[in-house]
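Input: a single structure, listed below in structure tokens.
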Amino acid sequence: MSTPRVVSLVPSLTEAVAVSAPGALIAATDWCTHPPGLDVPRIGGTKNPRTDRIVELAPDLVIANEEENRAPDLDALRAAGLEVLVTEVRTLPQAFRELDRVLTACGAATRPRWLDEAEAAWAAVPPPERRRTAVVPIWRRPWMVLGRDTFAGDLLARLGVGHLYAGHPERYPRVPLDELRAARPDLVVLPDEPYRFTADDGPEAFPGLPCALVDGRCLTWYGPSLVEAPAVLGRALRAAHR
């Protein structure tokens, strides 16, 4: 059976396929930064892919995500006769199921070792001794935070951090900075993507509150980074309270 020709519109899935089904990827987005040195044609961003170029490449499969990619773009690809596999990932167990589905569809010969290692790493996370509250900005100008039903929120909950907007009607609500400060969380979690929060850009907005600068790939990507994510995120969260 020949290896399917795959275009990926999701950075985390690009990494997963590249390391698990070598030779399958024929194109990826401009934001697909992993694995380092990935040498495939680029077809635009996750929100503005060059659908005409994708059609020209004639892939056997396009892999996408219901949150990261826009429905009109996916509809255009389907209308051109392409098969589009759309994932939905809002919890860690869902991520593992969807990764299995994607890798099988992309021709992975066997279940990759990293996927077993990732499941084992998260299964080994001890139940939190206590829960801390947090706000988790993902953007500023305007300020936006994690809301309901997010993959990142599920990972944080498993590490003992409950974010204060988990019950919000929106998944990524816009919340004024004054309201975020007034919520008085135990800490503020600042990832380096999609907005690149740094030590000099983010913590100054929350004077008096501990801030954890975390690796956005470990917090929001579902792929090989899940192996190291519990340890990497755990260290960053603990460091915020030293």
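No value in this document is a laboratory result; all are computed from the given coordinates. Owing to the predicted nature of the structure, the values given are computational and were not obtained by experimental measurement. With ideal geometry, Cβ positions are generated from the backbone for all residues, glycine too; neighbour counts draw on all protein chains shown.
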Discussion item. Counting each pair of different Cα atoms once, what's the Kirkwood radius of segment 6-111 in Å, rounded to one decimal?
Written reply: 13.6 Å
Worksheet, complete the sentence: Counting only DSSP loop positions in segment 154-224, the GluC sites (Glu not before Pro) whose Cβ has at most 15 other Cβ atoms within 10 Å are E170
Worksheet, complete the sentence: Subtracting the Cα-Cα distance of A120 and T198 from 0.36 nm times their residue separation yields 25.0 nm
Practice prompt. Starting from the Cα gyration tensor of segment 30-90, take the square roots of the eigenvalues, sort them a ≥ b ≥ c, and report rounded, prolate or oblate (rounded when a/c is under 1.5, otherwise prolate if a/b is larger than b/c, else oblate).
Written response: oblate
Worksheet item: Sorted by average packing, counted as other Cβ atoms within 10 angstrom per residue and highest first, what order do 194-200, 163-169, 123-129 take?
Response: 163-169, 194-200, 123-129
Item to complete: Between N48 and D178, with labels modelled 7 Å along Cα→Cβ, what's the label distance in nm to one decimal, could you check?
Response: 3.4 nm
Worksheet item: Cα-based Rg (one decimal) and Dmax (whole number) for segment 124-239, in Å?
Response: 13.0, 38
Worksheet item: Hey, with R₀ at 25 Å, roughly what FRET efficiency would R70 and D100 work out to, going by the Cβ-Cβ distance, to 0.05?
Response: 0.50
Fill in: Top positive-direction residue, dipole computed over the chain with Cβ charges, set P11, A109, P210
P210
Item to complete: Return a whole-number percent for the relative contact order of the chain, with Cα pairs under 8 Å and 6 or more residues apart as the contact set.
Response: 16 percent
Practice prompt. Find how many whole Å separate the alpha carbon centroid of segment 70-117 from the alpha carbon centroid of segment 169-242.
Written response: 27 Å
Worksheet item: How much length is gained if the chain between R131 and E228 is pulled fully straight, taking 0.36 nm per residue apart and subtracting their Cα-Cα distance, in nm to one decimal?
Response: 32.8 nm
Item to complete: Given the options G37, G162, G147, state which has the largest fluctuation in a GNM of the chain using a 10 Å cut-off (strictly under) for Cα springs.
Response: G37
Practice prompt. Return an integer: the convex hull volume of the alpha-carbon atoms of the chain, in Å³ per residue.
Written response: 126 Å³
Response to the item:
Most packed first (mean Cβ within 10 Å per residue), the peptides 107-113, 97-103 order as 97-103, 107-113
Worksheet item: When DSSP assigns beta bridges and you keep just the ones with both residues in segment 6-111, what percent turn out antiparallel, to the nearest 5?
Response: 10 percent
Discussion item. At 0.36 nm per residue, and after removing the present C-alpha to C-alpha distance, how many nm does the segment from T110 to W139 gain when stretched out fully?
Written reply: 6.6 nm
Fill in: Antiparallel DSSP beta bridges within the chain, as percent of all bridges there, nearest 5
20 percent
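When the helix-only estimate is applied to the chain (DSSP H runs of n ≥ 4, each -39,500 (n - 2.57), divided by the residue count), what is the mean residue ellipticity at 222 nm, nearest 500 deg cm²/dmol?
Result for the chain, helices only: -9500 deg cm²/dmol.
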Fill in: Student exercise, segment 6-111 dipole from Lys, Arg, Asp, Glu Cβ charges, in Debye to nearest 20
100 debye
